[in-house]
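Below is one structure; the comments refer to it alone.
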Amino acid sequence: MQFFLTIWNHRPQSHDALQDIVLPIAAGLRDLGHEVEIGATPPRRGVTNIVIEYFREAWVVDRLRGLDYVIVATELADGEGFNNKRTPTWVKRWAGLMQLAHDARAIWVVCDEGAEGYRHLAPTVQISLGWSPSLESPAAPGPREHDIYAYGKLTAPERQATLTTLRSKLRVVTTEFSTRQVRDDLLQRSLYCYGFRPYQAVGYASTSRIVAALMQGVPVVQERVQLTTPLVDALEIIDSADDVLARWDMLVAERPRILARQLAAWRAMPASAIMDPAVAAMRPARDGGPVVIPRPWLVERSLFLRNLMRRLENRRARRAAIAKPRPGR
């Protein structure tokens, strides 16, 4: 089967971060023998498009109509929206999903235990970010320059307090997410990746952060969360930054063993085994008719294109009048 995994509907500054979801899905499909192209261009006819949910704009919804597509859901559906949030942005995202979900070939849900909220909309499968040999990067040579690398949204007071405590004794490097290349380089130069809780309302750890670190051969120290998975259970669970400091000598001494344990847990989740039932659940492909070009996006905003379309229509009309048979002939 041919798939096109496109992130065209997301803001360019989000494209690098989305690779943590895109690459394991693509790897699992490829390991099953499917053809997968990854890109940031609009969805296509003749393939099954895989689109990560973010349908705020009407032209995004229109561009998918009539095509074959799978939706990758990254948020918890609460029945009337996402994550019990009702700000304008979240309301628009939910409305866009509602317009597209019933025609999707399937919905693949990557947020842990989130599938139930989507099952009434389309064939739904819970997936995880699994392992494939192609996802592991070679280990970086040389000594590690940093003890802890922490990245993401770091402005919350709780996270700032955590970082202040860690910096009191350890070499800590932090970034807001910039590019995947910068992030991966810093990971490979660090002994551990720090796993923040996503935020208080989310009971699960961030699987994408965990897998991103393990791709680079870096173990994770993970803040304790309410709900776990086998992968999270294999991590080094900590209760606070003070807990990290108290255990640091052990964490350094045992790092090879800790990394081996975490990699073993991830490797026990083959991406091909995860994606096989996801593909099997898909509805049959359908012929949706002509591709809808979003006129507000392409035509109506351009005076030149509006005039060009008008001239073409007039030319077609003149040719049709000339070609029409005259009475008596």
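Assorted remarks:
- For region 32-122, alpha-carbon Rg over 2.2 N^0.38 Å: 1.08
- What the Cα atoms of region 104-200 give is an Rg and a Dmax of 17.8, 52 Å.
- Atom-type composition of the exposed protein surface of region 76-181 places 54 percent of the accessible area on carbon and sulfur (1.4 angstrom probe).
- Judged by the ratio a/c of the largest to the smallest principal axis of the C-alpha gyration tensor, region 217-273 counts as oblate, that ratio being 1.5 or greater while a/b is no larger than b/c.
- The chain: antiparallel DSSP beta bridges as a percent of all, rounded to 5: 5
- The angle between the Cα long axis of helix 255-267 and the longest principal axis of the Cα atoms of the chain comes to about 30 degrees, rounded to the nearest 10.
- Here region 1-152 is assigned +1 on the Cβ of each Lys and Arg and -1 on the Cβ of each Asp and Glu. Its dipole about the Cα centre then comes out at about 600 debye.
- Overall shape: prolate for the chain, with the ratio a/c of the largest to smallest alpha carbon gyration tensor axis at 1.5 or above and a/b above b/c.
- In this Cβ point-charge picture (+1 for Lys and Arg, -1 for Asp and Glu), region 68-200 has a dipole of about 520 debye about its Cα centre.
- Cα gyration tensor shape of region 123-178, rounded if a/c is under 1.5, else prolate or oblate by comparing a/b with b/c: oblate
- Counting only aspartates and glutamates at least 8 places from Lys85 when in the same chain, those with an alpha carbon closer than 20 Å to its own are Glu53, Glu57, Glu75, Asp112, Glu113, Glu116.
- Top positive-direction residue, dipole computed over the chain with Cβ charges, set Thr162, Leu5, Thr41: Thr41
- Point-charge dipole on Cβ atoms (K/R +1, D/E -1) for the chain, about Cα centre, debye to 20: 2580
- Per-residue ellipticity at 222 nm from helix content only, as computed over the chain with -39500 (n - 2.57) for each DSSP H run of at least four residues, stands at -12000 deg cm²/dmol.
- Cα principal axis extents for region 1-65, largest first, Å: 34, 27, 15
- Low-density loop cleavage sites - trypsin sites (Lys or Arg not before Pro) in region 166-214, where at most 13 other Cβ are within 10 Å (DSSP): Lys169
- Normalised per residue, the accessible area of the chain is 50 Å², obtained with a 1.4 Å probe and no contribution from ligands, DNA or RNA.
- Quick note on region 74-125: its Rg to Rh ratio, both from C-alpha atoms and Rh being the Kirkwood radius, is 0.93.
- Partner aspartates and glutamates for Lys169 [C-alpha distance under 16 Å; skip if fewer than 8 residues away on the same chain]: Glu145, Asp147, Asp242, Asp243, Asp249
The values are calculated or read from the model by the stated rules, or taken from the named source; none is laboratory data. These numbers come from a predicted model, not from an experiment. FYI the Cβ positions are ideal-geometry reconstructions off the backbone, even for glycines, and counts take in every protein chain you see. All accessible areas refer to the heavy atoms of the entire protein, side chains included, with ligands and DNA or RNA removed. Shrake-Rupley method; radii C 1.70, N 1.55, O 1.52, S 1.80 Å.
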